[in-house]
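This report refers to the structure that appears directly beneath it.
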Amino acid sequence: MIMKKYSIFSLLRNSMSYHENWQKNWRSPDPKSEYDVIIVGGGGHGLATAYYLAKECGITNVAVIEKGWIGGGNTGRNTTIVRSNYLWDESAAIYEHAMKLWEGLSQELNYNVMFSQRGLLHLAHNVHDLQEIGRRGNAIHFNGIDSEFLTPAQVKEMVPLINLNCRYPVLGALLQRRGGNARHDAVAWGYARAADAMGVDIIQNCEVTGFNIENGVVKGVETTRGSIKGKKVGVVTAGHSGVMAEMAGFRLPIESFPLQAMVSEPLKPCINTVIMSGAVHVYISQSDKGELVVGAGSDNFVSYSQRGSFDMIDHIISPMVELFPFTSRLRMMRQWGGIVDVTIDRSPIVSKTPVENLYFNCGWGTGGFKCTPGSGHVFAHSLANGEMHPIAQPFSMNRFNTGALIDEGAAAAVAH
Amino acid sequence: MLLIECPWCGERDQTEFTCHGEAHIVRPKNPDELTDEQWGDYVFFRSNPKGLHKERWVHDHGCRRWFNVVRHTHTDIVYGSYKPGEPAPEVSEEALKGGKK
């Protein structure tokens, strides 16, 4: 199938037929009996992996197998924040790699992912926070990534509606101007459309129920639509990575927790940047539809229920109302949960596994969306070459045995 | 929101408790002899099942005592609590599938 490009001309042409003849974004093929690479999980990271495999590694005999529908898991459930202001060099490398791909993504995919570099503020509410943003801000500078320190007056100038003298007054902020938002669904759809156009099979409503492993080498997967052979298998299943690992016969240093988010009724434009606070723990931005998108912490017990605890809503909303008193009578419109795969050091696992030719890309925890292009890119190269991409190497699951953790959890306290 | 039974205080709201993860992880008796791999496994690796899970909770806004809970991680149904050292309660076939209590 030849992908018809989106342009002003195609828009005009299709308006003639009342927009009823737009080409389908991707096919719905039956699975073939064998693929060079099988990607398990059709979220953003999995679809990006398939796209870069086809685009940059010349491997187009690829299947993306998704249990539900593409982008229906955490890709469609996050708060859409994109940033690369991490403390450690290894994190800076992978998240900045993603940021650079974000910056040209809409053009590259010929699909508007609505990437908006509206700036992202990390607020500091106490002396410790100021020291933390000082340390992290300088580390970010050393890695050649933009970050600026703002005084409370500068924060007020940027975000006029903020209440600086709330219960835990705002004492400063760390700003990444290149940070911002993207349209989460569009990221999945854009990658799917572009990957499909290069011959990648996207197979939805097909659950992987097991791996075919012979003498420690993976040979393919068992699915609800029969068994499919694969020379290499990449598992990108976020919250269910532990379940997949169990099928393959090993354990991961991961626990799965429910994380929830919510949106308000739509408002006129009022917050033109992303506000994050680790200390009072909330992050807020305004979607292009006008809804305030709000998120915060995860529950701390293992659960696959895709619901957050009810009391967590209060923990999310009360700091928002403190920071932005105008939201006190705002009605929240929708609330939902996703299952996040959290490692002890809050850094991902992009790694080979004890089973040969079986690779895992997981552990992105509460902040994987921002790295969708970078994660897919380095994972695709790792799958194609059989050796982990240099940027991915530090994120091996062996680090939990060697002790070479990349401790972003301790570095940034909570906000991810 | 979960309703959790503290073995000493009875059923209380989840907000009175904190979960501390998988139960019955035993500290190795021979720490000097362990390889890095075994240490890593003990410290960081967890079973993280989608199914029945035995986990440690502490009643920190109550009696402040520790105990274990059996819960299904897909349905979040709690099948019972037991004190440290006590055997876990027997669960039915239905409970294994996440069915009713």
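The values are calculated or read from the model by the stated rules, or taken from the named source; none is laboratory data. As the structure is a prediction and not an experimental result, all values here were calculated from the model. Every residue, glycine among them, receives a Cβ derived from its backbone with ideal geometry; neighbour counts consider all protein chains shown. Surface accessibility is based on the protein's heavy atoms, side chains included, excluding ligands, DNA and RNA. Shrake-Rupley method; radii C 1.70, N 1.55, O 1.52, S 1.80 Å.
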What distance in nm separates the simple spin-label points at A:Asn21 and B:Glu37, each placed 7 Å from Cα in the Cβ direction? 6.3
What is the magnitude of the charge dipole of chain B about its Cα centre, with +1 placed on the Cβ of each Lys and Arg, -1 on the Cβ of each Asp and Glu, and no other charges, expressed in debye to the nearest 20? 280
Can you give the FRET efficiency to the nearest 0.05 for A:Gln204 and B:Thr15, using r as the Cβ-Cβ distance and R₀ = 45 Å? 0.70
Which trypsin sites (Lys or Arg not before Pro) in region B:1-79 sit in a loop by DSSP (not H, G, I, E or B) and have at most 15 other Cβ atoms within 10 Å of their own Cβ? B:Lys29, B:Arg64, B:Arg65
Shielded by partner chains, region B:36-68 residues - at least 40 Å² of accessible area, 1.4 Å probe, vs chain alone: B:Phe44, B:Phe45, B:Arg46, B:Asn48, B:Lys50
In chain B the accessible area split gives carbon plus sulfur, as whole percent at 1.4 Å, a share of 47
In region A:1-31, what chymotrypsin sites (Phe, Trp or Tyr not before Pro) fall in a loop by DSSP, with at most 14 other Cβ atoms inside 10 Å? A:Tyr18, A:Trp22
With each pseudo-label sitting 7 Å past Cα toward Cβ, what's the A:Leu267-B:Glu90 distance in nm, one decimal? 5.7
For region B:52-101, averaging the sequence separation of alpha carbon pairs under 8 Å that lie six or more residues apart and dividing by its residue count, the contact order in percent is 30
Of the convex hull enclosing the alpha-carbon atoms of region A:114-239, the direction-averaged projected area in nm² is 13.2
GluC sites (Glu not before Pro), restricted to region A:1-105: which are DSSP loop and have at most 11 other Cβ atoms within 10 Å? A:Glu20
Contour minus end-to-end for A:Lys100 and A:Arg135, with contour as 0.36 nm per residue of separation and end-to-end as the Cα-Cα distance? 10.3 nm
Links that overshoot a 19 Å alpha carbon limit, given the list A:Lys67/B:Lys50; B:Lys50/B:Lys83; A:Lys4/A:Lys100; B:Lys54/B:Lys97: B:Lys50/B:Lys83; A:Lys4/A:Lys100
Most fluctuating of A:His122, A:His19, A:His389 in the GNM of chain A (C-alpha, under 10 Å) is A:His19
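Need the full-extension length gain, A:Thr402 to A:Gln335, defined as separation in residues times 0.36 nm minus the C-alpha distance. One decimal, nm.
20.1 nm
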Mind giving me the FRET efficiency for A:His128 and B:Trp8? R0 is 41 Å, r the Cβ-Cβ distance, nearest 0.05 is fine. 0.70
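Let me know the volume per residue of the alpha-carbon convex hull for chain B, in Å³.
119
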Max mean-square fluctuation residue, GNM over chain A, Cα-Cα springs under 10 Å, options A:Gly249, A:Gly278, A:Gly190: A:Gly249
Cα lying deepest toward the dipole's positive end in the protein assembly as shown, options A:Asn401, A:Ala248, A:Gln107, charges on Cβ: A:Gln107
Please list the equivalent ellipsoid semi-axes of region A:50-90, computed as the square roots of five times the alpha-carbon gyration tensor eigenvalues, in descending order and whole angstrom. 26, 20, 8
Among A:Gly199, A:Leu120, A:Val159, the residue whose Cα sits farthest towards the positive end of the charge dipole of region A:119-207 (+1 at Cβ of Lys and Arg, -1 at Cβ of Asp and Glu, taken about the Cα centre) is A:Val159
Virtual spin-label span in nm between A:Glu356 and A:Val321, 7 Å along Cα→Cβ: 6.1
Given contacts defined as C-alpha pairs under 8 Å and at least six residues apart, what's the relative contact order of chain B, whole-number percent? 25
Counting pairs of alpha carbon atoms under 8 Å apart in space and at least six apart in sequence, what relative contact order in percent does chain A give? 23
To the nearest 10 degrees, how steeply does helix A:310-323 sit against the main Cα axis of chain A, on a 0 to 90 scale? 50
For the interface of chains A and B, what total accessible area is buried with a 1.4 Å probe, rounded to the nearest 100 Å²? 2200
Given the DSSP H assignment, sum -39500 (n - 2.57) over each helix run of at least 4 residues in chain A and divide by its residue total; what's the result at 222 nm in deg cm²/dmol, nearest 500? -9000 deg cm²/dmol
